[in-house]
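Below you'll find the structure, written out as structure tokens, and then a few comments.
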Amino acid sequence: MNILVLGGAGYIGSHMVKALAAAGHHPVTFDNLSTGHRDAVLHGEFVAGDLLSPDDLQRVFQAHSIDLVMHFAARSLVGESMQKPGLYYANNVSGTYNLLEAMRNAGVARIVFSSTAAIFGNPQYTPIDEDHPRAPINPYGRTKWMIEQMLADYAQAHGMQSVSLRYFNAAGADPDGELGERHEPETHLIPNILRAALHAQNPEKHPAQTLKIFGDDYDTPDGTCLRDYIHVTDLCAAHLCAIGFLQNHPGCHAFNLGNGQGYSVLEVLRAAEAVVGFSIPHTIEARRAGDPPVLVASQQAAAAQLGWRPAYPELERIVGTAWNFHRAG
């Protein structure tokens, strides 16, 4: 299949491009490179373009016979969304509207959307299943929930088929060492832990990196936030499963993707210390606005309907793939 990968130069998108090529598909990456990296697109074609430009989208659909779209091109930082909500409503909501209209005009009716656990807000129960109430507490989560509702409306009105995959915490790196997280600024916990480790190991080669833990007074066993970490390769495997699912299931669908087990920030730090072999300095800071104390997924629906289960459930193994990538860089 010819698959258009929006945001294919980013962290998850670039891993997806590699997975699609390995599965025999032809990926076409569409990215404005605002946060992605051109050299991370290892397969298929690359098209420079922006979701906020209907002309850019029209051109890519005219130039390529697209069978299915994968949409990773969203702003995705909770803190930034609290400070700049307009940026998120413009890019995520308006940009996705442009995409859906371009798909309709081109006769492309299938999309796999990168959604998020942030649509649930503060959980009423855990593990979080697909029926959990949606009550996002930050603009990032609200924009993703709006997009899921858009997809439901487009399914009803126009017959568009979609699968929304709600990630919990994407983590790890390509096991081959070719790809990994390269955000600037970096906000994800595991790469920030590993950057601090690299500095502690070799301060002359690696710039000073203070590991900040935001909040140690949450209602959790050790006071730090609990999250469900899922390896990026497992996320890509779920997207491949979604392709097959859409071939037999019209309409609008959504699945939660996680390991089904929560780890606290301090537990992740201890796992990283076990991987690198030494203690990693850190400081405790105030809570960040918009952070729920616990986010843990139920994976039962994804297992039963998509036939998907994580191949990298162990935290130390997830951290180990990231460490191999970061220290090689």
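The values are calculated or read from the model by the stated rules, or taken from the named source; none is laboratory data. These numbers were taken from a predicted model, which means no experiment stands behind them. A quick note on method: Cβ atoms are made from the backbone with ideal geometry, for glycine too, and the neighbour counts reach across all protein chains shown. These area figures cover heavy atoms from the full protein model, side chains too; ligands, DNA and RNA do not enter into them. Shrake-Rupley method; radii C 1.70, N 1.55, O 1.52, S 1.80 Å.
Calculate the translational D of region 148-295 in whole µm² s⁻¹ from Stokes-Einstein, where the hydrodynamic radius comes from the Kirkwood formula applied to all Cα pairs, the temperature is 37 °C and the viscosity 0.692 mPa s.
Estimated diffusion coefficient is 186 µm²/s.
Pull up all non-local amide H partners of GLY10: gap of 5 or more, or a different chain, and H-to-H distance under 5 Å with H placed in the peptide plane.
HIS37
Please list, by residue number, every one of the trypsin sites (Lys or Arg not before Pro) in region 274-329 that is coil in DSSP and has at most 16 other beta-carbon atoms within 10 Å.
Sparse-neighbourhood loop trypsin sites (Lys or Arg not before Pro): ARG287, ARG288.
Can you list the lysines whose alpha carbon is less than 20 Å from that of LYS84, not counting same-chain residues fewer than 8 positions off?
Correct list for LYS84: LYS144.
Using a 1.4 Å probe, what is the accessible area per residue for the chain, in Å²?
For the chain, the per-residue accessible area is 41 Å².
Give me the percent of DSSP beta bridges within the chain that run antiparallel, rounded to the nearest 5.
Of all bridge pairs located within the chain, approximately 5 percent are antiparallel.
Go through region 210-319 and name the chymotrypsin sites (Phe, Trp or Tyr not before Pro) that are in a DSSP coil and have 13 or fewer other Cβ atoms within 10 Å of their Cβ.
Here the sparse-neighbourhood loop sites are PHE278.
Dividing the Cα convex hull volume of region 1-158 by residue count, how many Å³ per residue is that?
116
With every protein chain kept in the model, how would you rank ASP291, ASP228, ASP216 by accessible area, 1.4 Å probe, largest at the top?
Output order, biggest surface exposure first: ASP216, ASP291, ASP228.
What residues qualify as long-range amide H neighbours of MET160, i.e. H under 5 Å apart, gap of 5 or more or another chain, H built at 1.01 Å from N?
So MET160 has HN proximity to ALA155.
As a check on your grasp of the helix formula, calculate [θ] at 222 nm for the chain: sum -39500 (n - 2.57) over DSSP H runs of n ≥ 4, divide by the residue count, round to the nearest 500.
-11500 deg cm²/dmol
Output wanted: per-residue J couplings in Hz (rounded whole) for region 69-81, from phi through Karplus 6.51 cos²θ - 1.76 cosθ + 1.60, θ = phi - 60°, x for Gly and Pro.
10, 10, 10, 10, 8, 10, 5, 9, 9, 4, x, 5, 5
Enter the angle in degrees (range 0 to 90, nearest 10) between the Cα long axis of helix 95-106 and the first principal axis of the Cα atoms of the chain, meaning the one along which they spread out most.
30
Students often forget the sequence filter, so: which aspartates and glutamates lie under 19 Å Cα-Cα from LYS18 once same-chain residues fewer than 8 apart are removed?
In chain and number order, the partners are ASP31, ASP39, GLU45, ASP67, ASP174, ASP176, GLU178, GLU181, ASP234.
Summarise the accessible area of the chain (1.4 Å probe, protein heavy atoms) by the percent that is carbon and sulfur.
So the carbon and sulfur contribution to the accessible surface is 48 percent.
Loop only per DSSP, at most 14 neighbouring Cβ atoms within 10 Å: give me the chymotrypsin sites (Phe, Trp or Tyr not before Pro) in region 80-142, ordered by residue number.
Loop-located and lightly packed - TYR125.
Can you tell me the Rg and Dmax of region 257-329, counting just the alpha carbons, in angstroms?
Reported Rg and Dmax, both Å: 15.1, 43.
In region 163-263, what percentage of the DSSP-assigned beta bridges are antiparallel, given to the nearest 5?
10
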